Amino acid sequence: MSIEYETVIGLEVHCQLKTTTKIWCACDADYDHKDPNSTTCPVCSGQPGALPKLNEKVLDYAIKAALALNCDINEESQFDRKNYFYPDSPKNYQITQYFKPYAENGKLEVKTNSGKESVVGIERIQIEEDTAKNIHTDSESLLNYNRASIPLIEIISKPEIRSAEEAYAYLNILKNKLKYTKVSDVSMELGSLRCDVNVSIRKKGDAKLGTRTETKNLNSFKSVMKAIEYEVSRQIDIIESGNKIVQETRLWDEENGVTRPMRSKEEAMDYRYFPDPDLPKVIISKARLENMKNEMPEFSDAKVKRFISEYKLQENEAITLASEMELADYYEEIIKISKEPKLSANWMLTEVLRVLKDRNISIEQFTVSPDNIGKIINLIQNGTISSKIAKEIFEEVVVTNKNPEEIVKEKGMTQITDNSEIEKIVDQVLLENQQSIDDFKAGKDRALKFLVGQSMKISKGKANPQMLNDMIISKLS
Ligand SMILES: [Zn+2]
């Protein structure tokens, strides 16, 4: 490549809002779990004469999402019609916010995996309705209108993203922020989060943007990265060979790892936007905005900073624990019982996360209460049990969620701290391991560990390891 190119990326993210009813009617918004076309009414199926009425919850959720993304909220905005004829839109238009969106001028602080930091601007966020779901088979096309008029927000970034890695980081932080507000499931897998990518390239130093393509049909953040990388190299090849980029919509082909042009017929769309005459202007009062501001959570970036300063955690520990609000809450519940932030973090990061991973479950599905983890930590701290026994108790609590204090009592698992009992164990081990005694005297550290281990085994894990250690050393010196 003879010339250095710069990549210019803009992302359009559609996010379903998790309200219980649809945006214009009282139909059940849980569209995926119901029989196809069962949650519809004259409004969301576009019957003549049916009138939409804005679901106030949609507006609240949308405001929260916009605040999470640091947007300015417009006091006045409006709904517009985007006209097109396609079976997924029963009204033959989609209601969106074209001329005046409710939120603008947002920004997200982004940090890539390789540590590069940047701020990506958000142009605007608009409220709109989802369309029916198309299911194409070889012989027929099916439509499910349950999804018609599910509330959406479309979040449009400024074309300020410069690499696939930065796009990936932007999407992750965006998803994290929205998840913390609890206004959406933000799952690409379930379709509640969808992303289209605009990519163009230009020679470094050029102020003018190059011709862009829009890629759709991306079903994971990893596909977004791959599609960007593919588009960049495809566009460079075209320009290097003296040809021009065609502005078009392309589809990502996951199986073959390529983008392909959509039929050009669908490209030549003129949506003839105009204000929707059936809906009044959207007014967001100062009082409403204040209420929503008061309901905002502490976000993960703020939590990470607090965990580091308040609990003295390492940055990577804090990032993991704050990656999900529920995980962070669980951790802080443990601390309330244990009063040990550092030890509690260790238990979270090793034992709890291991079980979640093994069972492929989330912290909400984890049956052990944080109180019981806190109690296990207390039992170690006050010398009742060794950390080895603690792990055994944890395994039992994972199955039964029984009070760890009771398990210790029932099973007689209390740690052996009686000096004469410790001595008895050590004497037996020393009697049986002359070779290790010789090794220890010859300066081999491993021999001591071995002797402590053997003593631990005889005590069935119940002896205090520090006492065993001290006893062995004092007997051999
Ligand atoms: Zn309806």
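The values are calculated or read from the model by the stated rules, or taken from the named source; none is laboratory data. In this text, all values refer to a predicted model and were calculated from it rather than measured experimentally. All Cβ positions, glycine included, derive from the backbone under ideal geometry; neighbour counts span all protein chains shown. Side chains are part of the model used for accessible areas, which takes the heavy atoms of the whole protein and leaves out ligands, DNA and RNA. Shrake-Rupley method; radii C 1.70, N 1.55, O 1.52, S 1.80 Å.
For segment 65-77, what are the residues that are surrounded by 18 or more Cβ atoms within 10 Å (Cβ to Cβ), over 25 Å from the mean Cα position of the chain (by Cα) and not in a strand (DSSP E or B)?
Within segment 65-77, 74 is the sole residue that qualifies.
Which of the residues belonging to segment 433-477 are surrounded by fewer than 19 Cβ atoms within 10 Å (Cβ to Cβ) and basic (Lys, Arg)?
Answer for segment 433-477, where residues must be surrounded by fewer than 19 Cβ atoms within 10 Å (Cβ to Cβ) and basic (Lys, Arg): 441, 444, 446, 449, 457, 460, 475.
Within segment 399-411, how many residues are open to solvent by less than 80 Å² (accessible area, probe 1.4 Å) and in contact with an Asp or Glu (Cβ under 9 Å, 6 or more places away or on another chain)?
Matching residues across segment 399-411 total 4.
Could you figure out which of (1) open to solvent by less than 20 Å² (accessible area, probe 1.4 Å); (2) more than 16 Å from the ligand (Cβ to nearest atom); (3) within 22 Å of residue 281 (Cβ to Cβ) isn't true of residue 9?
(3)
Which of (1) over 16 Å from residue 97 (Cα atoms); (2) more than 16 Å from the ligand (Cβ to nearest atom); (3) open to solvent by less than 20 Å² (accessible area, probe 1.4 Å); (4) not β-branched (Val, Ile, Thr) is the odd one out, the single condition residue 62 does not satisfy?
(1)
Could you tell me which numbered condition residue 53 fails, if it satisfies all but one of (1) within 29 Å of the chain's Cα centre (by Cα); (2) at pLDDT 95 or above; (3) within 16 Å of the ligand (Cβ to nearest atom)?
So the condition that residue 53 fails would be (1).
Residues to consider are 260, 288; find the one that is within 35 Å of the chain's Cα centre (by Cα), outside any loop (DSSP other than H, G, I, E, B) and without any contact (Cβ under 8 Å) to a residue 24 or more places away in the chain. Let's see the steps before the verdict.
Details: 288 fails: without any contact (Cβ under 8 Å) to a residue 24 or more places away in the chain.
Of 260, 288, the one residue that is within 35 Å of the chain's Cα centre (by Cα), outside any loop (DSSP other than H, G, I, E, B) and without any contact (Cβ under 8 Å) to a residue 24 or more places away in the chain is 260.
Residue check, residue 42 against (1) outside any loop (DSSP other than H, G, I, E, B); (2) within 14 Å of the ligand (Cβ to nearest atom), all met but one. Which one?
With (1) outside any loop (DSSP other than H, G, I, E, B); (2) within 14 Å of the ligand (Cβ to nearest atom) applied to residue 42, the lone miss is (1).
Testing residue 125 on (1) within 16 Å of the ligand (Cβ to nearest atom); (2) touching a strand residue (DSSP E or B) at 6+ places or on another chain (Cβ under 8 Å); (3) in contact (Cβ under 8 Å) with a residue 60 or more places away in the chain, one condition comes back false. Which one is that?
Here residue 125 clears every test but (1).
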